[in-house]
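What follows is a single structure, written as structure tokens, with notes after it.
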Amino acid sequence: MKAFTMPEFYVPYPARLNPHLERSRAHTMAWAKEMGMLDAPKPGGGVVWTAEELDRMDYALMCAYTHPDCDGAALDLVTDWYVWVFFFDDHFLELFKHSRDFAGAQRYLDRLELFMGDAPPEPENPAEAGLRDLWERTVPHMSTDWRERFVVSTHNLMVESMWELENIDRGRIANPIEYIQMRRRVGGAPWSANLVEFAAGAEVPGELAATRPLRVLSDTFSDAVHLRNDLFSYQREVAEEGENSNAVLVLERFLGVTTQEAAERVNDLLTSRLQQFETTALTEVPALLAERGVPAHEQAAVARYTKGLQDWQSGGHEWHMRSSRYMNEGMVSGKIQKPQGLGTSTLRIGLEKRARQHSHVPFARVGPQPVPEFHLPYPLRMSPHLDTARRHAVTWARETGFLDEAIWDERRCAGIDLAHCAALINADGTLEEVCLTTDWLTWGTYGDDYYPVAFGATRDLAGARALTARLKAIMDDAAPPPAGAMERGLADLWRRTAGNLPERARAGFRAAVEDMLDSWVWELDNQAAGRIPDPVDYIEMRRRTFGSDLTASLARLAAAETVDDEIYQSRVMRELETAAQDYGCFTNDLFSYQKEIEFEGELHNMVLVVENFLDVDRATARAIVVDLMNERMRQFEHIVANGLPSMLAMIGDPEVSRVLERHAAMLKDWMAGIMEWHRRCARYTEPELLRLRAESFAPPPRLVLLPSGLGTSAVRPLPRR
């Protein structure tokens, strides 16, 4: 019995078939046999794959659909890579899923990584033999930068398989945010995106690969691939094999809905991620290439890469409807399904989703929102330097010029009381450290208020980008003289923070500041388009707009020489930090809902994003956001109790342990302090919002405040957050 009926899919482009399919079918069957994949025993008897099973799964067909334009030799090699990765997945689970042999699983993975080095050992199993052969055949064709990225993505899909085993062992189902993040690493679609570069002859220039537009292309591609796979594989993985890493199961449990309803919501998210891919490809990527003056041949490579990712989506969908590996009965009739072109249900689905995303009417009356109960197990701690930091905060804001630009006055600056927040999140800091934290919070909050007023009301996106470029230049060694409060504030903060840092720490911290600056422009872009963000894009950008990435980077600076960046990028530390960050960001969204929705006409609030995406009322959306917060907190507790001690035991360095345990304690203080500051701060209360509206600070002379929607021309947008 099928677990659910497949929903209608958004597949805007027809799949195309590579003409070299039959050649690759024959080649890859012979290759798999040569590597020993058709003779690999299962612990309970039998073999992992038979030739008949491999033939039915038909990975050559998958690659012929997902890489329709490459030549025969490239298709052979790409198909071998996919046969290897699917074999690895099945082999690993057969060996270790039932036995729960975690030590053996780790040894297996550690050895496998050696086959991406210069002097690999002799292979002991088909996964090792296959990886050695593939590595030797692939890397001569690609640059060092691509190799480094491919090693990381291959490492992730292998090593993070331990996360799946640990969850199976504990009977633990991930929360939705954790699942999307981890599925990218475990599922291997970023690895697939790297292979698109190879197959399409479209290597992405290294300096572009880490930018937001290219990163979003890879992430949305990855999420869509994995969400589609989860829909097709639910029957096999969950209903038959008892696995628990599947998006349908995750939403079924989190939302408390039926399997059919969960499948529909997964498909909605799949559609949203595909449309985010399209939006990014058509708007952000061309703007990036123009802004950076990218040469024509590199622009062409990016275009081929983007098209390659698009081909993969359509081809991957077609293959899922045909492979024996998945639940797809009745979805295809005949040998080749006809294209689902414009004018069919695909167009209707796409238009419906886009229309909802642009349907919000700003400045609706919502009134004060009730403060829910939160799961927050950590006590408040307060710095003894609070009073001094409060006096310093107002003085610094006055000297920097924050009180001279018609955005803040002294009463408002004092009322926001960011020294109180700093004293809570940096309870053990010296007076100098608490004042520095206060000033970073002041600068970030002022900037987040300044950008919407200075550039949002007039849709002056060019002006916002120009200021952002000047602010980035302030952090250069030969910085220009600062002009305006934002530039003066950053110049002072950068001198006090980064002046004596080692180069690696300095570069990392600068990247966090630049990410926050870019995130403010991202908000303006969405606001100008009247577009409520895709939920995954919102969550990942919210960490930057709120400054939580910057806060985490600031906290790491003191131990920059003790702990390598690779440790902070590990699954344990990454999930620990993002769980805490999301808890703080959603705290802000819940407390600021009335301010942002009613008084500012904002689109960037998690409650609104959930309302729009799930098509639910405000109270339901608010309850879902609280549930997400609480689940992220429970995940944080789980990592502190289990994942962090295990990782520290593996590292075996007492000094690293001390630093990371202190970092975890700082994150506890950060979450508790953010919550307490929001509870005590007047910034989000209706009386303060009405006072600010009544006093209506005069805008800077260069601003012309334009209407932002029907009936809103008389409502002056307030600075946000």
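The values are calculated or read from the model by the stated rules, or taken from the named source; none is laboratory data. Not measured: the values here are computed from a predicted model. As a convention, Cβ positions derive from the backbone with ideal geometry for all residues, glycine included, and neighbour counts pool all protein chains shown. Just so you know, the surface numbers come from the protein's heavy atoms only, side chains and all, with ligands and any DNA or RNA stripped out. Shrake-Rupley method; radii C 1.70, N 1.55, O 1.52, S 1.80 Å.
At a glance:
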quantity: Index of the failed condition, residue 230 passing every other in (1) surrounded by 19 or more Cβ atoms within 10 Å (Cβ to Cβ); (2) of a type in the set (Asp, Glu); (3) under 30 Å from residue 512 (Cα atoms); calculated: (3)
quantity: Number of positions in region 378-412 that are open to solvent by 60 Å² or more (accessible area, probe 1.4 Å), of a type outside the set (A, V, I, L, M, F, W, C) and touching a residue at least 24 places away in the same chain (Cβ under 8 Å); calculated: 4
quantity: Test: residue in region 5-20 that is surrounded by fewer than 17 Cβ atoms within 10 Å (Cβ to Cβ), of a type outside the set (Ser, Thr, Tyr) and over 30 Å from residue 263 (Cα atoms); calculated: yes
quantity: Some residue of region 601-611 being farther than 29 Å from residue 497 by Cβ, in a loop (DSSP other than H, G, I, E, B) and either out of contact with any Lys or Arg (no Cβ under 8 Å at 6 or more places or on another chain) or free of Cβ contacts under 8 Å to residues at least 60 places away in the same chain (or both); calculated: yes
quantity: Any hit, region 95-102, residues being among the polar types (S, T, N, Q) and under 21 Å from residue 186 (Cα atoms); calculated: yes
quantity: Some residue of region 79-97 being of a type in the set (Val, Ile, Thr) and modelled with pLDDT under 95; calculated: yes
quantity: Candidates 395, 437 - the one that is in contact with a helix residue (DSSP H, G or I) (Cβ under 6 Å, 6 or more places away or on another chain) and among the polar types (S, T, N, Q); calculated: 437
quantity: Residue satisfying condition, being farther than 15 Å from residue 518 by Cα, open to solvent by 30 Å² or more (accessible area, probe 1.4 Å) and of a type outside the set (Gly, Ala, Ser), within set 470, 459; calculated: 459
quantity: Any pair with Cβ under 6 angstrom, 6 or more apart, that starts in region 466-488 at a residue that is closer than 14 Å to residue 443 by Cβ and modelled with pLDDT of 95 or more and ends at one that is among the charged types (D, E, K, R) and part of a loop (DSSP other than H, G, I, E, B); calculated: 485/405
quantity: All positions within region 270-284 that are open to solvent by less than 10 Å² (accessible area, probe 1.4 Å) and hydrophobic (A, V, I, L, M, F, W, C); calculated: 270
quantity: Filter result (closer than 21 Å to residue 638 by Cα and in contact with a Phe, Trp or Tyr (Cβ under 6 Å, 6 or more places away or on another chain)) within region 661-679; calculated: 668, 671, 672
quantity: Residue match in region 34-41 (condition: open to solvent by 40 Å² or more (accessible area, probe 1.4 Å) and closer than 25 Å to residue 162 by Cα); calculated: yes
quantity: Residues (part of a loop (DSSP other than H, G, I, E, B) and under 25 Å from residue 581 (Cβ atoms)) located in region 386-429; calculated: 417, 426, 427, 428, 429
quantity: Subset tally (residues that are within 16 Å of residue 596 (Cβ to Cβ) and small (Gly, Ala, Ser)) for region 503-546; calculated: 2
quantity: Flag for residue 638 being buried (at least 19 other Cβ atoms within 10 Å of the Cβ) and not aromatic (Phe, Trp, Tyr); calculated: no
quantity: Residue 580, sole failed condition from (1) closer than 25 Å to residue 255 by Cβ; (2) of a type in the set (A, V, I, L, M, F, W, C); (3) modelled with pLDDT under 95; calculated: (3)
quantity: 3 or more residues over 17 Å from the mean Cα position of the chain (by Cα) and closer than 30 Å to residue 361 by Cα: qualifying helices (runs of 4 or more DSSP H) within region 461-547; calculated: 461-474, 503-529
